[in-house]
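The values are calculated or read from the model by the stated rules, or taken from the named source; none is laboratory data. All of these numbers come straight from a predicted model, not from anything done at the bench. Note that we place each Cβ from the backbone using ideal geometry, even for glycine, and neighbour counts take in every protein chain shown. For the accessible areas, the whole protein counts, side chains as well, though only heavy atoms, and no ligand, DNA or RNA atoms are used. Shrake-Rupley method; radii C 1.70, N 1.55, O 1.52, S 1.80 Å.
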Amino acid sequence: MHSPPLSHAIVGCGRVAPNHVDAFRALGEGWTLAWACDRDPAVAAGFAAVHGIAEATADYELVLADPAVTSVSIAVDHAQHAALARRALLAGKHVIVEKPLALSAADAEDLLETARSRGRILTTVSQHRYDPLVVGVREWLKAGLLGRLRFVRASLEASREEVYYSDSYWRGTWRGEGGSALINQGYHCLDVTQAVCGDLTVRAAAASAGDLYSALETEDTIGALLTAGPVPVTLTVTIGSTVTWRTRLEFVGTEGTVELDIDHPARLHRATGNPELERRAAECDQSAVAAEAPGIDYYGISHRRQIADFAAAVAAGGAMDVRPEAGVAMVRLLGSLYAAAGLPGPGQIPAS
């Protein structure tokens, strides 16, 4: 006798929502997509029609009241992540939250404790931690193939037109987005840096930021010096480039150096220093050829890998490879970077 499929709801039907649909559909017959929910009922209805989702609503409480719903994806504006995730956890649902987990460390810690007390799976989307090349770099470092890290460089250059902010009710504001270039786009490079170096070791040392777009009260460019234990880390991010999306991550060690990107498909640009590193890197790079992305190209396809991990944890009652503490650590690090740059920080209102 077959068990009924587990049921998932998509809350927030914007830019990244197709990646969640694609990932749950890739799970096969064990899961079904039951609800599309958005603050705009027409958007919810249109999204449900396009993706073959049975129910559409603007009423989040209606979704949470459905006893058949096992889990929800929270893919709304940053400012609502914590409140909606908490309500879902209290309603007994497992929760996937698009980054960031919350706009304050206190809210992030509260979500972590709520998930623990309710016995629910909570995860922040960190899809690039599941990219084969990123997994490979972590394994090579652990195996000693890079030796001791000497320094790390991470950068992202991207382009965001002013209309991206002026047409949004939340982007480009401290209260709604919690920042811009760092918390939204640069987050990915910083998240991978934490994944490789250790979530609890990376600390902000100094930062500087600026903005040029009149539509933003937040930053469009930021540069920072961080430390991962004794290892210096430099981070540079801008959304004021002419390039749509370009990332670079470089890990330089005493025995080897690896340079890669987390674009789509991700590419290994350099792996040098010793024959074993070069052999493993060549094998991993060959296996990292990616399928066509289901949504915006540079989001990639690793939502599939993270959501498969989520689904396995829900089914088995176990833990995911990427623990919820990683999302909490990122919220703390983001806040400290904005503070180091002399900026108001996530969820804050700038002084007049």
- Note on the structure: Taking segment 166-190 and keeping only residues that are open to solvent by less than 10 Å² (accessible area, probe 1.4 Å), at negative phi and out of contact with any Asp or Glu (no Cβ under 9 Å at 6 or more places or on another chain), one is left with 185, 186, 187, 189, 190
- For segment 303-322, how many residues are modelled with pLDDT under 95 and either under 13 Å from the mean Cα position of the chain (by Cα) or in a helix (DSSP H, G or I) (or both)? 3
- Give me the pairs: first residue in segment 216-227 and in contact (Cβ under 8 Å) with a residue 60 or more places away in the chain and farther than 11 Å from residue 185 by Cβ, second residue open to solvent by 10 Å² or more (accessible area, probe 1.4 Å) and among the β-branched types (Val, Ile, Thr), beta-carbon distance under 6 Å, and six or more apart or on different chains, which are they? 217/173
- Query: Any idea how many residues of segment 45-75 are open to solvent by 20 Å² or more (accessible area, probe 1.4 Å), of a type outside the set (Ser, Thr, Tyr) and touching a Phe, Trp or Tyr at 6+ places or on another chain (Cβ under 9 Å)?
  - Reply: 5
- Among the residues of segment 228-265, the number that are open to solvent by 20 Å² or more (accessible area, probe 1.4 Å) and part of a loop (DSSP other than H, G, I, E, B) is 7
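Please find, within segment 20-44, the residue that is surrounded by the most Cβ atoms within 10 Å (Cβ to Cβ) out of those that are assigned to a helix (DSSP H, G or I) and of a type in the set (Gly, Ala, Ser).
Filtering segment 20-44 for residues assigned to a helix (DSSP H, G or I) gives 20-26, 41-44.
From what's left, of a type in the set (Gly, Ala, Ser): 23, 26, 42, 44.
Values: 23: 26, 26: 16, 42: 10, 44: 24.
Looking at residues that are assigned to a helix (DSSP H, G or I) and of a type in the set (Gly, Ala, Ser), I get 23.
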- Filter segment 100-137 for residues that are within 19 Å of residue 301 (Cα to Cα), within 17 Å of the chain's Cα centre (by Cα) and among the hydrophobic types (A, V, I, L, M, F, W, C); which is surrounded by the most Cβ atoms within 10 Å (Cβ to Cβ)? 125
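Can we say residue 338 is hydroxyl-bearing (Ser, Thr, Tyr), buried (at least 19 other Cβ atoms within 10 Å of the Cβ) and in a helix (DSSP H, G or I)? Reasoning before the result, please.
On the way: hydroxyl-bearing (Ser, Thr, Tyr): yes; buried (at least 19 other Cβ atoms within 10 Å of the Cβ): yes; in a helix (DSSP H, G or I): yes.
Judged against the criteria, residue 338 is a match.
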- Message: Contact list please: Cβ distance under 8 Å, first residue in segment 79-99 and in a loop (DSSP other than H, G, I, E, B) and open to solvent by 30 Å² or more (accessible area, probe 1.4 Å), second residue at pLDDT 95 or above and aliphatic (A, V, I, L, M), pairs at least six apart or on different chains.
- Response: 91/64; 91/65
- Hey, does segment 278-299 have a residue that's of a type in the set (S, T, N, Q), modelled with pLDDT under 95, within 28 Å of residue 226 (Cβ to Cβ) and open to solvent by 20 Å² or more (accessible area, probe 1.4 Å)? no
- Query: For segment 1-15, which residues satisfy the criterion of being open to solvent by 20 Å² or more (accessible area, probe 1.4 Å) and under 13 Å from residue 74 (Cβ atoms)?
  - Reply: 14
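Restricted to segment 199-227, and to residues that are farther than 13 Å from residue 337 by Cα and open to solvent by less than 20 Å² (accessible area, probe 1.4 Å), which residue is farthest from the chain's Cα centre (by Cα)? Steps first, please.
Step one: list which residues in segment 199-227 are farther than 13 Å from residue 337 by Cα, which gives 199-201, 210-218, 220.
Filter once more, keeping what is open to solvent by less than 20 Å² (accessible area, probe 1.4 Å): 216, 218, 220.
On the way: 216: 22, 218: 20, 220: 19 Å.
So the residue we want is 216.
Determine whether residue 36 is touching a strand residue (DSSP E or B) at 6+ places or on another chain (Cβ under 8 Å) and modelled with pLDDT of 95 or more. Show your work before the answer.
Working: touching a strand residue (DSSP E or B) at 6+ places or on another chain (Cβ under 8 Å): yes; modelled with pLDDT of 95 or more: yes.
When the stated conditions are applied, residue 36 passes them.
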- Could you check residue 47 against (1) in a helix (DSSP H, G or I); (2) out of contact with any helix residue (DSSP H, G or I) (no Cβ under 8 Å at 6 or more places or on another chain) and say which number it fails? (2)
